[in-house]
Amino acid sequence: MYIYDEFDRTFLQERVDEFRDQVKRRLDGELNEEEFKPLRLMNGVYLQLHAYMLRIAIPYGTLSSDQMRALAHVARRYDRGYGHFTTRQNIQFNWIKLEELPDAMADLARAGMHGLQTSGNCIRNTTTDQWANATPEEIEDPRLYAEIIRQWSTLHPEFTYLPRKFKIAITAAKHDRAAIRVHDIGLRLHRKDGVTGFEVIVGGGLGRTPFVGKTIREFLPRHDLLSYLEAILRTYNAGGRRDNIYKARIKIQVHEIGTEEFTRRVEAEWAQIKDGALALDDAAIDAIRAHFKEPDFEALTDGPAELEAAKTNPDFARWYANSVAPHRKGGHAIVTISLKPVGAPPGDATADQMDAVADLADQYAYGEIRVAHEQNLTLPHVRQKDLFTLWQALDAQGLATPNIGLISDIIACPGLDYCALANARSIPLAQDLTKRFADLDRIADIGRVHLNISGCINACGHHHVGHIGILGVEKQDQEFYQITLGGKANHKAKLGELLGPAVPENEVVNVVERILDTYVELRTSKQETFIAAVQRLGIEPFKERAYAAR
Amino acid sequence: MPLVKNGKPVADAFVAVADEDTLPDAPVLVSATRLLAEGEALFARNHPVGVIWPNDKDVLLLEPFVDRLAVVALIFPKFRDGRAYSQARLLRERLGFKGELRATGNVLRDQFLLMVRCGFDALEIVKEGDVAAVEKEIHSYSVFYQPTGDGRPVPLRARLAAARGA
Ligand code: HEM
Ligand code: SF4
């Protein structure tokens with residue numbers, strides 16, 4: 001865990017005071033809605049269909065048990081008893097009253113939390129691998145650098161009014177769980193000649209013009225991280241388009257002037273500032289490292305008797321096979337907590353569930369919790385010998401659905417139920433899909449499939465990079481959905497291909513089912529995953545069958 | 001519009017002059033076009049010269065004049081258009097401009113601090129009521145995370161200094 005010190009606390013308190021003053025001026029009529037809008041957005045406050053929505057930053061998806069309790073408190077005290085975890089590793093509360101916002105924020109600040117830079121045209125919360133510092137795959141904890149970026153980007157005076165919002169993601173593992181190639185900047189930690197540094201990828205993004213990002217530098221030594229980022233942002237701030245909101249993201253600038261010219265501008269700017277005040281050194285990086293408290297890992301070995309005995313319980317064994325991953329420390333494991341039970345909105349958690357997860361984290365997982373961009377939670381450090389007891393407790397809270405990575409582990413945006421921009425609903429569709437695919441044997445047989453739903457072209461549900469992507473469109477005042485196949489968000493990121501004409505709402509679940517039946521029939525063996533089969537076969541066989549029955 | 005410099009309301013001694021007009025016998029603010037066209041002739045006069053520089057023009061073009069310009073006025077056409085923040089830092093930190101750096105356009109209180117941190121020392125304020133808020137706004141934070149040309153220590157370094165001192 002990163003421990004905030006007095007600098008961070010002072011800053012947050014000052015920020016809460018500032019916002020309280022701004023809300024007061026809005027309520028007094030001194031600020032009109034247009035003037036208030038960018039100010040509230042800077043604090044994570046959106047105006048949605050029914051109410052103000054508060055988005056809270058969970059920097060790089062890491063939460064302490066106390067912070068989780070603070071979220072539970074806000075859900076209970078200021079909202080309707082639940083919150084919604086998002087694909088940006090944040091949480092949203094959908095029903096907060098403007099007058100109560102400053103109090104909710106003060107309560108959060110006491111736990112070191114805030115809504116800063118979760119909206120507005122600034123550098124947003126940096127996201128990373130939910131398995132950071134736990135997976136054996138990575139070379140270093142990427143959160144160190146995410147924290148360095150957080151500090152540098154917090155209320156950056158030069159980059160608070162960019163052409164458009166700006167998202168940075170970072171990973172240190174081979175297997176990219178942070179979708180770095182579809183962010184404005186993606187950073188991949190790797191090592192060259194014994195030095196740690198980054199591959200720098202720019203101009204990825206989804207939305208109405210999706211792009212996979214381009215690598216503009218294969219290797220950037222870690223000491224140069226901030227100066228290089230500043231050079232990219234300055235290049236974007238000066239040259240990004242401001243005439244059309246749909247063309248204002250950095251991906252359009254990179255596309256229009258070309259990767260080569262963009263890179264040239266960045267490198268030229270960087271040459272001027274690389275040895276300046278932003279240059280990092282080992283002492284600065286180590287000072288940040290010292291703020292991350294390493295859990296007091298018990299010395300344990302893999303496969304304890306308690307675990308082996310528990311595996312004879314078939315329900316536990318199923319969950320274990322599905323939701324538990326290897327840890328870098330012997331005798332430990334990474335546990336993913338599914339927020340996708342059958343029939344519920346993806347990513348929602350009740351205040352009671354949040355409190356329960358906080359308690360379980362304290363008992364079994366060194367008090368640490370992560371939010372995964374798949375809208376699930378993770379306990380990154382669990383003792384293997386405690387897995388069975390943990391599972392029982394999670395199950396009692398409805399938090400042990402063994403569907404991680406399977407068809408019912410759906411990523412969905414809020415859609416028409418909450419969002420003012422939506423064409424179509426996302427949540428009810430996700431709920432219907434989970435009901436159709438409730439049979440655990442069946443979904444385990446189908447295996448790994450990522451299904452993503454967005455209620456409109458803004459792509460908050462990442463539909464372009466879902467193995468199956470579903471996009472809400474409007475047709476003759478009715479909700480229709482476009483379906484894409486073959487998208488991927490990982491290190492081989494790829495955008496999905498359109499299957500065919502849009503499908504009316506009552507047909508979507510059937511079409512998805514026929515696509516999956518086709519896969520099961522045509523796969524060479526169970527080892528060939530859905531996405532591999534789509535790559536081998538192309539979309540034609542799926543298309544034929546998907547529309548055949550209509 | 002009220003002008004506040006270094007936190008205090010001041011009278012504006014400069015007259016903005018249109019390109020086709022003859023120069024008055026006073027300190028002037030000319031357009032970028034006029035500065036680049038007439039350059040030396042402007043500085044040969046006995047009055048201070050300032051320039052109004054658009055936010056889509058490279059400020060590094062001002063290099064030949066930085067030591068002689070009394071004022072550079074940068075423009076925020078809308079407060080949401082943040083290009084002049086980068087221009088300000090480049091002028092101060094890259095070109096070492098020491099004269100008055102004036103924020104003009106849609107200059108509102110909630111951006112005062114950002115402007116000051118980027119190197120502006122003069123604010124041409126839109127709303128009369130915001131003038132009194134300058135002092136409060138620019139002192140609303142005591143902690144800053146990133147170094148800009150204003151030379152304040154940031155937590156990353158201050159923590160280290162504290163650790164070394166201890
Ligand atoms: C409910 C209110 C929301 C509104 C009004 C909203 C609005 C938008 C808009 C306008 C875009 C497109 C921006 C662009 O491409 O320039 C966008 C993209 C995005 N939003 Fe949302 N969003 C909302 C909720 C969410 C939620 C709940 C999540 C997470 C689950 C989310 C995550 C994202 C992501 C990941 C992107 C896409 C990719 C990208 O940035 O290129 N948004 N959103
Ligand atoms: S994808 Fe569209 S409908 Fe869904 S949350 Fe984003 S803006 Fe709203």
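Key figures
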{"item": "Lone unmet requirement of (1) within 11 Å of ligand 2 (Cβ to nearest atom); (2) farther than 15 Å from A:H84 by Cβ for A:I453", "result": "(2)"}
{"item": "From A:P304, A:P314, A:P221, residue being in contact with a strand residue (DSSP E or B) (Cβ under 7 Å, 6 or more places away or on another chain) and more than 16 Å from ligand 2 (Cβ to nearest atom)", "result": "A:P221"}
{"item": "Qualifying positions in the stretch A:16-36 - open to solvent by 20 Å² or more (accessible area, probe 1.4 Å), within 12 Å of chain B (Cβ to nearest Cβ) and touching a Leu at 6+ places or on another chain (Cβ under 8 Å)", "result": "A:R26, A:E35"}
{"item": "Given (1) surrounded by fewer than 23 Cβ atoms within 10 Å (Cβ to Cβ); (2) more than 14 Å from chain B (Cβ to nearest Cβ); (3) part of a helix (DSSP H, G or I), index of the condition A:L49 fails", "result": "(3)"}
{"item": "Hits in the stretch A:362-371 (condition: under 30 Å from A:I427 (Cα atoms) and surrounded by fewer than 24 Cβ atoms within 10 Å (Cβ to Cβ))", "result": "A:E368"}
{"item": "Odd one out for B:K8, checked against (1) touching a residue at least 24 places away in the same chain (Cβ under 8 Å); (2) more than 14 Å from chain A (Cβ to nearest Cβ); (3) closer than 22 Å to B:Q111 by Cα", "result": "(1)"}
{"item": "Qualifying residues in the stretch A:381-427 (those that are in contact (Cβ under 8 Å) with a residue 40 or more places away in the chain and of a type in the set (S, T, Y)) - the one nearest to A:E505 (Cα to Cα)", "result": "A:S426"}
{"item": "Residue check for A:L471: within 14 Å of ligand 2 (Cβ to nearest atom) and assigned to a helix (DSSP H, G or I)", "result": "no"}
{"item": "Selection within the stretch A:242-269 - more than 13 Å from chain B (Cβ to nearest Cβ), open to solvent by less than 60 Å² (accessible area, probe 1.4 Å) and over 29 Å from the mean Cα position of the chain (by Cα)", "result": "A:I257, A:E261, A:E267"}
{"item": "Sole exception among (1) away from ligand 1 (no atom under 16 Å from the Cβ); (2) out of contact with any Lys or Arg (no Cβ under 6 Å at 6 or more places or on another chain); (3) in contact (Cβ under 8 Å) with a residue 40 or more places away in the chain for A:T378, by number", "result": "(2)"}
{"item": "For A:G486: the one exception among (1) on the phi > 0 side of the Ramachandran plot; (2) open to solvent by 80 Å² or more (accessible area, probe 1.4 Å)", "result": "(2)"}
{"item": "Identity of the residue in the stretch B:101-128, within 13 Å of chain A (Cβ to nearest Cβ) and of a type in the set (S, T, N, Q), that ends up surrounded by the fewest Cβ atoms within 10 Å (Cβ to Cβ)", "result": "B:N106"}
{"item": "Qualifying residues in the stretch A:91-101 (those that are away from ligand 2 (no atom under 16 Å from the Cβ) and either at pLDDT 90 or above or charged (D, E, K, R) (or both)) - the one least open to solvent (accessible area, probe 1.4 Å)", "result": "A:E100"}
{"item": "Residue tally, condition within 20 Å of A:R110 (Cβ to Cβ) and touching a residue at least 40 places away in the same chain (Cβ under 8 Å), over the stretch A:67-91", "result": "12"}
{"item": "Of residues in the stretch A:338-356 being touching a helix residue (DSSP H, G or I) at 6+ places or on another chain (Cβ under 6 Å) and modelled with pLDDT of 95 or more, the one most open to solvent (accessible area, probe 1.4 Å)", "result": "A:D355"}
{"item": "Test for A:A493: is it buried (at least 24 other Cβ atoms within 10 Å of the Cβ), at pLDDT below 90, within 13 Å of ligand 1 (Cβ to nearest atom) and not hydroxyl-bearing (S, T, Y)", "result": "no"}
{"item": "The stretch A:200-215, subset assigned to a strand (DSSP E or B) and open to solvent by 20 Å² or more (accessible area, probe 1.4 Å), residue farthest from ligand 1 (Cβ to nearest atom)", "result": "A:T215"}
{"item": "Single residue of the stretch A:421-445 satisfying the filter (out of contact with any helix residue (DSSP H, G or I) (no Cβ under 8 Å at 6 or more places or on another chain) and open to solvent by 60 Å² or more (accessible area, probe 1.4 Å)) that is modelled with the lowest pLDDT", "result": "A:L421"}
{"item": "Residue match in the stretch A:144-162 (condition: open to solvent by 30 Å² or more (accessible area, probe 1.4 Å) and among the small types (G, A, S))", "result": "no"}
{"item": "Failed item in (1) modelled with pLDDT under 85; (2) open to solvent by less than 20 Å² (accessible area, probe 1.4 Å); (3) more than 10 Å from every other protein chain (Cβ to nearest Cβ), with B:R152 passing the rest", "result": "(2)"}
{"item": "Some residue of the stretch A:144-165 being within 14 Å of chain B (Cβ to nearest Cβ), among the charged types (D, E, K, R), within 16 Å of ligand 2 (Cβ to nearest atom) and out of contact with any strand residue (DSSP E or B) (no Cβ under 9 Å at 6 or more places or on another chain)", "result": "yes"}
{"item": "Any chance A:Y418 is of a type in the set (S, T, Y), open to solvent by less than 50 Å² (accessible area, probe 1.4 Å) and away from ligand 1 (no atom under 15 Å from the Cβ)", "result": "no"}
{"item": "Of all residues making up the stretch B:16-48, the number that are surrounded by 16 or more Cβ atoms within 10 Å (Cβ to Cβ) and among the β-branched types (V, I, T)", "result": "3"}
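The rows are residues; the columns are (1) open to solvent by less than 10 Å² (accessible area, probe 1.4 Å); (2) away from ligand 1 (no atom under 16 Å from the Cβ).
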| site | (1), (2) |
| --- | --- |
| A:G61 | yes, no |
| A:R69 | no, yes |
| A:A75 | yes, no |
| A:Y82 | no, no |
| A:T86 | no, no |
| A:Q89 | yes, no |
| A:H114 | no, yes |
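The values are calculated or read from the model by the stated rules, or taken from the named source; none is laboratory data. Since we're looking at a predicted model, the values are computed, not measured. Neighbour counts are summed over all protein chains in view; Cβ atoms, including those assigned to glycine, are modelled from backbone coordinates with ideal geometry. Just the protein is used for accessible areas: all its heavy atoms, side chains included, with ligands, DNA and RNA removed. Shrake-Rupley method; radii C 1.70, N 1.55, O 1.52, S 1.80 Å.
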